[in-house]
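The values are calculated or read from the model by the stated rules, or taken from the named source; none is laboratory data. Every value quoted in this text rests on a predicted model; they were computed, and no experiment measured them. For neighbour counting, all protein chains shown are included, and Cβ atoms are generated from backbone atoms with ideal geometry for every residue, glycine included.
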Amino acid sequence: MVKSDSGMERTRAAILDAAARVLGRRTDAGMAEIAEEAGLGRATLYRHFPTRDALLRGMAEVGINELVEAFDAARLDELPADRAITRIVAVFLREGAKYAAVIRQADEYCDPSDMERTVKPVREVIDRGVREGVLRDDLRGDTVFAMFSAIVERALWLTIDEALTPEEATEAAVAIFLGGARRPQHP
């Protein structure tokens, strides 16, 4: 009996979801642990993902697609730049936490054109923020993007480590990015 395409897709999705949970807890977890978490035999896991590398590539692909869909649903272009930045951080912390195992190795597991799909809306908001005077214009766009990415990535790790809730991490990342780390002057 041949399993239907939809059944195979459900199994694949269950494996990727289990892998995200297991590898999110422990990045060195083995394929057997992932199969067990998915409620499947190792042979089934290996039919879908013959190597750990293939599994991580699958996780990266799903993670990128989910992030792009979340950015599209956030309707960033309809918001003022500062609110769009807040929404980007919230989306990334919500979606990114699930795929923490592959985020640090994105260059290795993600197709550059797929990565560009996640970067493009962020760069557009940053560029708009500069044009609208919300963000400083004395730095190159690549520099502003790199600093923003570093702050958001660190906020993600604070969330994963449970040092901050996603809401606290979002608030802190946005405050530091938009306002800088300098204490506001009191009149």
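Values as computed for the structure displayed
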item	result
Qualifying residue in region 26-35 (condition: among the basic types (K, R), more than 22 Å from the chain's Cα centre (by Cα) and more than 30 Å from R136 (Cα to Cα))	no
All helices (runs of 4 or more DSSP H) inside region 103-187 with 3 or more residues being among the polar types (S, T, N, Q)	141-160
Residue list for region 72-96, restricted to those being assigned to a helix (DSSP H, G or I) and either assigned by TED's automatic domain parsing to the domain that holds L23 or within 19 Å of V130 (Cβ to Cβ) (or both)	L76, D77, E78, A81, D82, R83, A84, I85, T86, R87, I88, V89
Conditions (1) closer than 24 Å to T143 by Cα; (2) touching a Gly at 6+ places or on another chain (Cβ under 6 Å): number failed by Y99	(1)
Residue, surrounded by the most Cβ atoms within 10 Å (Cβ to Cβ), within region 19-71, restricted to residues that are in contact (Cβ under 8 Å) with a residue 12 or more places away in the chain and hydroxyl-bearing (S, T, Y)	T44
Enumeration of residues in region 132-150 that are more than 24 Å from the chain's Cα centre (by Cα) and surrounded by 13 or more Cβ atoms within 10 Å (Cβ to Cβ)	V134, L139
Matching entry among A20, A29, A60, A100 (being under 21 Å from A173 (Cα atoms), at pLDDT below 95 and of a type in the set (G, A, S))	A100
Residue in region 72-80 that is at pLDDT 90 or above, under 14 Å from the mean Cα position of the chain (by Cα), aliphatic (A, V, I, L, M) and surrounded by fewer than 20 Cβ atoms within 10 Å (Cβ to Cβ) present	no
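Residue-wise test of (1) within 25 Å of V62 (Cα to Cα); (2) of a type in the set (F, W, Y); (3) at pLDDT 85 or above; (4) in contact with a Leu (Cβ under 9 Å, 6 or more places away or on another chain).
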residue	(1), (2), (3), (4)
A90	yes, no, yes, no
E108	yes, no, no, yes
D111	yes, no, no, no
E116	yes, no, yes, no
E132	no, no, yes, no
D138	no, no, yes, no
V144	no, no, yes, yes
R182	no, no, no, no
